[in-house]
Amino acid sequence: MVDRNAISKINRKVSRKFPELSGTRPTVSRQSVPNGSFRYLLIYRAKVKLPGGKSLNRIVRVTTDARGRILRMSTSR
């Protein structure tokens with residue numbers, strides 16, 4: 001499993017890029033890859049207020065390797 005220090009480092013990077021997600025805890029799941037190692041998927045979810053009183057469910061998916069390096073980051077609109 002990804003250690004807590006790596007997750008907190010990833011949290012800081014996600015918060016820097018998406019300030020509305022600061023303080024959000026991700027759900028972490030492990031994925032196996034064909035070479036026998038693992039990747040981890042961190043999913044952040046938050047409801048964001050938009051102008052005009054509307055809201056948007058923001059979902060950010062972060063894929064990391066076993067050492068906690070970010071491989072991919074994507075977001076919903």
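What the table below lists for this structure:
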read-out	value
Net length gained if the chain between S29 and S8 were fully extended (0.36 nm per residue, minus Cα distance)	6.0 nm
Total charge dipole magnitude, the stretch 4-75, about the Cα centre, Cβ charges on Lys, Arg, Asp, Glu only, Debye to nearest 20	160
Using alpha-carbon coordinates, inclination of helix 4-17 to the longest axis of the chain, degrees	40
Added length on full extension, which subtracts the Cα-Cα distance from 0.36 nm per residue, T63 to K49	2.4 nm
L41 versus R16: modelled label distance in nm, points set 7 Å from Cα along the beta carbon direction	2.6
Percent breakdown of C-alpha pair distances by 10 Å bin, ordered from the shortest bin, for the chain	19, 50, 22, 8, 1
Options P34, S22, P51, ranked by Cα towards positive dipole end of the chain, top entry (Cβ charges)	P51
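Values quoted throughout were computed directly from the atomic coordinates according to the rules given, and no laboratory measurement underlies them. Keep in mind the model is a prediction, meaning the values are calculated, not measured. Cβ coordinates were reconstructed from backbone atoms using ideal geometry, including for glycine residues, and neighbour counts include every protein chain displayed.
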